[in-house]
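Trainee: Handing you a structure now.
The values are calculated or read from the model by the stated rules, or taken from the named source; none is laboratory data. Predicted, not measured: the structure shown is a model, and the values here were computed from it. Note that each Cβ is placed from the backbone with ideal geometry, even for glycine, and that neighbours are counted across all protein chains shown. With ligands, DNA and RNA removed, areas are computed over all heavy atoms of the protein, side chains included. Shrake-Rupley method; radii C 1.70, N 1.55, O 1.52, S 1.80 Å.
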Amino acid sequence: MEAARCVTFGQYLRPHFYLLLLIFLRNGPHTVEGVWPLPQTFTSSIERSPLSPEAFYFEYGSQSAAQQGCSVLDAAFTRYFPLIFPDYTGNGVLRFYADKPFRLVITVDRDDCESYPNEDSSERYNLSVSARQASLNAETVWGALRGLETFSQLVYQDDFGSYFVNKTEIVDFPRFQFRGILLDTSRHYLPVKTILQTLDAMAYSKFNVFHWHIVDDPSFPYQSRTYPDLSSKGAFHPMTHIYTQSDVRRVISHARLWGIRVLPEFDSPGHTASWGKGQSDLLTPCYRGSSLSGTFGPVNPVLPSTYQFMARLFKEVSSVFPDSHIHLGGDEVNFSCWSSNPDIRAFMKKMGFGVDFTKIEAFYMENIVNITSALNKTAIVWQDVFDYHELRSSLSVVEVWKGGCYLCEVRRVAKAGLRVILASPWYLDQPGPTHNWARFYTVWPLAFKGTEEQKKLVIGGEVCMWGEYVDATNLTPRLWPRASAAAERLWSDEKQTSSADKAFPRFQDLRCKLVRRGIRAEPLYVGHCKHEYQGV
């Protein structure tokens, strides 16, 4: 390959002069449609540099805190080379300008190569592309990953397959720190391979939190070391439809290399029917009149054994999932079983709760929050817990999910001094025409009356993909590209991205990029991609 690169530019040019002239006349100056999500500041010129995969190099800057051997960036360079040069097969074929190397020099301020991304991780980066060199500077490796994604989207091909990148200056950072996607693996089991591909696609749109709604009423696929019966009796199948400890580690490791946090959710006291199959005396026995009905309701909040079980389970979960946050659920608790149970009613009377079952739910959640706080985990809860909770000072982060005036709820939570994640407008589990992406794009998370301090408490938002009608066969086209509409809303400056019409050409370009990268993203409208999906 080295010998092939010794051919001089002059030797190559003479027999190909007319071909080169034709290329220029046909293509002229070119710029890409743009980057998704749109960077905070982005200036690009028609001046361009050719790129050759055989003369393209990733380099660590001499002043970079991270150097060769950095697990996150070394892996990223390996991943991004075929994303930047998708047609390249490594066969050593000489390309035009192959003797002019192009270097992408990466410099980071901190060596956090072996850590995990967290809620305070900076994702800020600066990217400068000039003739034969690009400089990517970031505070952290996580910011460098976002910059690498941006650079990969700046590279384009002409009609003859040659690669180019235009002179560009970018200063970029996310508007919101929390940009999540929820996957539900209880209502339908999602194979690990499907989860990993979703993580890849998330990184292409700069999402940074995978909210793993891992268990629910239908099944308990998480294989616990402490309580193995939970999955052996509660999963759809004890061998084929579970996530082993190895599977979970694989997901967390894959996510880390993309700069994505893994936020586990173990929702209780409701949504726990599958838990009771492997843990006796956990759920509340329901009564019909004065007799047991043979059915069970939410977790029993009056037994000391309930909290002993939860303390042991969450101790394990806290050791398995490294993120500082854990989602405790707390939504949609049906009070009818509790109200039928004489032991629950007697306990409520003793505690002075009367017949207000929201008080006993608050009592239960308070205990669970205390358990996870003792494990140094910050709890996230669904908005129901906030609505029912009088002792709101013990809460930290509330996720708003209900319809109606969701901004009213955001305002109420922020006014109480708690952090907010907005999910209500981004439920994508229902099928819909892809052209309704604009509905998910034109969401204004801070459009409520409040102080600047209250608005700072809105830490981000989340796309939710519930699993009633979604499994591995239809997850990807239902999620993409619509989720990317929310991604731009959560990353980019609101004033620069207020028009869906103006965003549409870039969105179409992104959809085609996703397709070329093997993501089965739905078409937005009539048309075609230059490189159609190859997997069908």
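Trainee: So what's the stretch 173-319 giving for Rg/Rh, alpha carbon basis, Kirkwood Rh from the mean inverse pair distance?
Mentor: 1.04
Trainee: Tell me the GluC sites (Glu not before Pro) within the stretch 466-536 that lie in a loop according to DSSP and have at most 11 other beta-carbon atoms within 10 Å.
Mentor: In loop regions of the stretch 466-536 (DSSP not H, G, I, E or B), the sparsely surrounded GluC sites (Glu not before Pro) are Glu468, Glu532.
Trainee: Which percent of the accessible heavy-atom area of the stretch 145-191 goes to carbon and sulfur, probe 1.4 angstrom?
Mentor: Carbon and sulfur together cover 53 percent of it.
Trainee: Another question about this same structure. What share of all Cα pairs of the stretch 62-200, in percent, falls into each consecutive 5 Å distance bin?
Mentor: Spelled out bin by bin, the stretch 62-200 gives 2, 8, 16, 19, 18, 15, 11, 7, 4, 1, 0, 0 percent.
Trainee: Report the gain in length on full extension from Ser396 to Gln308: 0.36 nm times residue separation, minus Cα-Cα distance, nm rounded to one decimal.
Mentor: The span from Ser396 to Gln308 would gain 29.4 nm if fully extended.
Trainee: Pop a pseudo-label 7 angstrom from the Cα along the beta-carbon direction at both Arg439 and Gln245 and give the gap in nm to one decimal.
Mentor: 4.5 nm
Trainee: Just the accessible area per residue of the chain, please: how many Å² with a 1.4 Å probe?
Mentor: Per-residue value: 42 Å².
Trainee: Taking the stretch 111-159, which GluC sites (Glu not before Pro) meet the DSSP loop condition and have no more than 14 other C-beta atoms within 10 Å?
Mentor: Sparse-neighbourhood loop GluC sites (Glu not before Pro): Glu114.
Trainee: Quick one: pull the percent of accessible area on the stretch 429-524 belonging to carbon and sulfur, 1.4 Å probe, ligands and nucleic acids left out.
Mentor: Roughly 52 percent, rounded to a whole number.
Trainee: Going from the alpha-carbon gyration tensor of the stretch 324-379, what semi-axes, largest first and in whole Å, does one get by taking the root of 5 times each eigenvalue?
Mentor: 26, 12, 8
Trainee: Mind checking the stretch 256-332 for GluC sites (Glu not before Pro) that DSSP puts in a loop (not H, G, I, E or B) and that have at most 16 other Cβ atoms within 10 Å?
Mentor: Those satisfying the criteria are Glu332.
Trainee: Taking 28 Å as the cut-off for C-alpha to C-alpha distance, list the pairs among Lys193/Lys513; Lys359/Lys415; Lys206/Lys315; Lys456/Lys495; Lys277/Lys349; Lys167/Lys495 that go past it.
Mentor: Beyond 28 Å between Cα atoms: Lys206/Lys315; Lys277/Lys349.
Trainee: Cα centroid distance between the stretch 351-400 and the stretch 149-176, in Å?
Mentor: Using only Cα atoms to place each centre, the spacing works out to 46 Å.
Trainee: Let me ask something additional. On C-alpha positions alone, give me the angle between the axis of helix 71-84 and the longest principal axis of the chain, in degrees, nearest 10.
Mentor: 60 degrees
Trainee: What angle, in degrees between 0 and 90 and rounded to the nearest 10, separates the Cα long axis of helix 406-415 from the longest principal axis of the Cα atoms of the chain?
Mentor: 80 degrees
Trainee: Using a 10 Å Cβ count of at most 13 others and DSSP loop calls, identify the longest part of the chain lacking such chymotrypsin sites (Phe, Trp or Tyr not before Pro).
Mentor: 161-468
Trainee: Give the percent of DSSP beta bridges with both residues in the chain that are antiparallel, rounded to the nearest 5.
Mentor: So the antiparallel bridges in the chain amount to around 35 percent.
Trainee: If you don't mind, another one. Post the alpha-carbon centroid distance, the stretch 122-143 to the stretch 241-277, in whole angstrom.
Mentor: Using only Cα atoms, the two centres lie 33 Å from each other.
Trainee: Here's something else I'd like to know. In whole percent, what relative contact order does the stretch 142-258 give with Cα contacts below 8 Å and a gap of six or more residues?
Mentor: Computed over the stretch 142-258, the figure is 23 percent.
Trainee: Can you tell me how much longer the chain between Asp331 and Lys456 gets when fully stretched, taken as 0.36 nm per residue apart minus their C-alpha distance, in nm with one decimal?
Mentor: Length gained between Asp331 and Lys456: 42.5 nm.
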